[in-house]
Amino acid sequence: MIAPNRQGEVWVFAEQEDGSLHDVVLELCGKARQLADTLGVPVGVVLPGHQVRGLASKLIAQGADRVYLVEDSRLAHFQTIPYARVLCTLIEKYRPQIVLYGATPLGRDLAPRVASAMQAGMTADCTDLQISDVTDPKTKELHKNLLLQIRPAFGGNIIATIVNYDRWPQMATVREGVMPLLPPNPSRNGEIIEEKVEIDESLLALRLVERHIEPRKVNLKAARVIVAGGGGVGSKEDFRLIYELAGVIGGAVGASRAAVDSGYIGKEHQIGQTGTTVRPALYIAAGISGAVQHRAGMEESAKIIAINTDPNAPIFSVAHYGIVGDLKKVIPMMIKALRERRK
Amino acid sequence: MITDRRAAASDTLATSYILAQAIRTVGRYDIVLCGRQAIDGDTAQVGPQIAEKLGLPQVTYLEQLVDIHDRRARVRRNVGRGWEIVDVNLPALFTVISTANEPRPPAARKVMRFKRARVPAEIEAEVRSVLGNASDEEILDAVGKRTEELRRQGLLLEQWNLDDIHADLNRCGLPGSPTKVFRVQAIVLTKKGFTEIPPTEEGIRQLIHELVVDRTLG
C-alpha cells in the first residue's frame, strides 16, 4: 500500500506478445496523456518482456514521457507472479498515482494480483475515467484531483462511479476499443529507464506446455457477432458486402433461407428454425425481412441491428436498433466507421 | 458459510481477504476452485486476489483439467482467441469458465434430503418465527434442541463469522475496502421497441460507438 502521492505519474502497463503491443495499450497511452495533462504530471509506461526495447519508441509516440523497461528472458512469456513482482517493485519505487491496464484476459489476470499485493483498489472494465475533486459524503473531507472510475454494473443497468480516497495507486482496467486511439506523434521525446527486478526461479510457478491461437473460422454457434444477409442482398456478388462487414467486425457470416435458396451462400450458414439457432452478443440482419422461422433462430441475440428498406418488415419487431435504408449504402458506412476506430 | 454484518460492503480486496482467511482456517487444500466472476460486479478479481494472499500460483479461465498427479496439474486455459496448456504445482488456485463442465443433473434423493439442511442463523430465525413471544430462555433452549437434532441427522451446516476465521477487522467490510462507490446512476431505459438509426455516416458512427461503449463490440 502506498500513501497518496499527488506528484505521482500516470502509468500504463504495456501488454505485449511476441514483440508486438496490444492495441489497448496504445489506446490507454492516449487516455493516460489526457489524465496526466489535467494533473500536470508525466505519463509512465511499464514495459516488461524479453527483447522489447524496440517497442519503447511507439509508446513515446503515443504519449509516454518515460518508459520503464524491464528486460529479462524469464519475462518472455507472460506469467502472473513474475509480472506482478515487476509491477509491485516499480510501483513501490516510483509511487505513481494512477495505473491503467487493458481489460484483456492477461490484464484481468495480472491487475487484481498486483492490487492485492499492494492492498490497493482495483476497478474492472471502466468505460470512462476522469479527474475531479470529490467530497467524501461521510466525512465531508475534500479530496482533490481523484480518479473517477466509471463503469456499468448489475448487467449494465446502473453506472457506478468508484473512487479511492486514500489507498493508492488508483488502478483500473479498460476494455479494448473503449478509449479512442489517438494519432501517434513520432517527434515526441521520451526517456527509456532501464530497471532490474529480481526474479527468483521460485516465482516461475507455471510451465507452458503448448499454446494455440485459433484462426478465425465460421462457427455460428460460438460467434460473438453474426452478420447475416437475406434475399434483400439481391445477388451473390453483393453478398460479398456481408462477408466484408463480418471480416472487419470479427464475426461470422449467417444467412436467411431466402439467401440460401437463391444460391447466394451455402446452407451451412443458414440461421432459423431449419438452420442453426444462435444467440450472439450482436446480430446484424441485413436485407432480411424476418419471417417467423428466421426470427425463431436469432431473436435471443443480446443485441439485434436490422437493416431494411421496408420500414414495416417484421425483422424490426425483434430489433434493438433499426436502420431503414439500403444495405448497399449502410454496410459500407459501417465498415468505414469500424475501420476509423481501428486506426 | 461465512456470514457477518461486519463483512458488509466489502469490495474485492476485502472479500478476497475474508475468503483467504476462511481457506487458511480450513487449513489443508490442494486446489482452490473459483468461478470466473460474479454476476453483480463482473470484476473477475476475487480469484486472483485470493491466490495472491495465500501465495498460490493462479490459473485463470481454466477450461479443462488435462491431467493431475504427483501434486502437479496440467490444465488448459482459455486465452481469448485460443488456449494454452500449462503445468502448475499444487496447491494452486483455478478460476473456471462455464464451458469447462456440463453439470450433472442433481440427484433427486439428495435434493430432498438436504432441503432441510440449515445453518445456525436460519435455525434461530425459524424458531423465533414459530415461538413468537416466548422468552429468550425458551427460544435459546429450542434453538439448542433443534441444532442438536439437525447435527445428529447430518443436516447442520457450518457457519463462521469473522472471529472464527481470525480476521483482522480493519481488512474487512467498509474499512478494508479501498474502492468506494461515490455515485450510482440508473440507466433510463428508452421506449419499448427499437432505436431508429438514420442511415447516415454520423448515425452509423454513433451506433458503432454505442456498441463499443456498452461492450457489445471490442
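The values are calculated or read from the model by the stated rules, or taken from the named source; none is laboratory data. What you see is a predicted model; the values in this text were computed from it and never measured. No Cβ is skipped: glycine too gets one built from the backbone with ideal geometry, and neighbour counts run over all protein chains shown.
Rundown of residues vs (1) buried (at least 20 other Cβ atoms within 10 Å of the Cβ); (2) at pLDDT below 95; (3) more than 10 Å from chain B (Cβ to nearest Cβ), yes/no style:
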| position | (1), (2), (3) |
| --- | --- |
| A:294 | yes, yes, yes |
| A:302 | no, yes, no |
| A:306 | yes, no, no |
| A:326 | no, no, no |
The listed residue being without any contact (Cβ under 8 Å) to a residue 40 or more places away in the chain and among the β-branched types (Val, Ile, Thr), out of A:260, A:233, A:227, A:278: A:260
Looking only at region A:204-227, and only at residues there that are buried (at least 17 other Cβ atoms within 10 Å of the Cβ) and over 24 Å from the mean Cα position of the chain (by Cα), the one that is farthest from residue B:83 (Cα to Cα): A:205
Residues located in region B:21-31, provided they are in contact with a strand residue (DSSP E or B) (Cβ under 9 Å, 6 or more places away or on another chain) and among the aliphatic types (A, V, I, L, M): B:22, B:23, B:31
For residue A:240, all conditions in the list (1) assigned to a loop (DSSP other than H, G, I, E, B); (2) surrounded by fewer than 17 Cβ atoms within 10 Å (Cβ to Cβ) hold save one; what is the number of the exception? (1)
Set B:9, B:38: member being within 17 Å of the chain's Cα centre (by Cα) and either in a helix (DSSP H, G or I) or in contact (Cβ under 8 Å) with a residue 24 or more places away in the chain (or both): B:9
Would it be correct to say that residue B:36 is touching a Ser or Thr at 6+ places or on another chain (Cβ under 7 Å) and assigned by TED's automatic domain parsing to the domain that holds residue B:177? yes
Find the helices (runs of 4 or more DSSP H) located wholly in region A:1-114 whose residues include 3 or more that are in contact with a Leu (Cβ under 6 Å, 6 or more places away or on another chain), and list them. A:23-39, A:80-94
Among the residues of region A:303-317 satisfying the criterion of being part of a helix (DSSP H, G or I) and out of contact with any Phe, Trp or Tyr (no Cβ under 7 Å at 6 or more places or on another chain), which is nearest to residue A:256 (Cα to Cα)? A:315
Give me the residue from region A:116-138 that is under 20 Å from the mean Cα position of the chain (by Cα) and not in a strand (DSSP E or B) and, out of that set, farthest from residue B:209 (Cα to Cα). A:122
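For region B:150-179, name all the residues that are among the basic types (Lys, Arg) and touching a residue at least 24 places away in the same chain (Cβ under 8 Å).
Of the residues in region B:150-179, the ones among the basic types (Lys, Arg) are B:151-152, B:171.
Correct list: B:171 only.
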Region A:255-292 - residue that is over 17 Å from residue A:328 (Cα atoms) and within 25 Å of the chain's Cα centre (by Cα) and, of those, surrounded by the fewest Cβ atoms within 10 Å (Cβ to Cβ): A:279
Residue A:142: passes all of (1) within 20 Å of the chain's Cα centre (by Cα); (2) farther than 27 Å from residue B:58 by Cα; (3) more than 11 Å from every other protein chain (Cβ to nearest Cβ) but (1)
Output the residues belonging to region A:318-343 that are assigned to a loop (DSSP other than H, G, I, E, B) and over 30 Å from residue A:183 (Cα atoms). A:318, A:319, A:320, A:325, A:326
Evaluate the following for residue B:38: is it within 11 Å of chain A (Cβ to nearest Cβ), crowded, with 21+ Cβ neighbours inside 10 Å, of a type in the set (A, V, I, L, M, F, W, C) and more than 15 Å from residue A:205 (Cα to Cα)? no
Residue B:7 fails exactly one of (1) over 27 Å from residue A:204 (Cα atoms); (2) away from every other protein chain (no Cβ under 12 Å); (3) in contact with a Lys or Arg (Cβ under 9 Å, 6 or more places away or on another chain), namely (3)
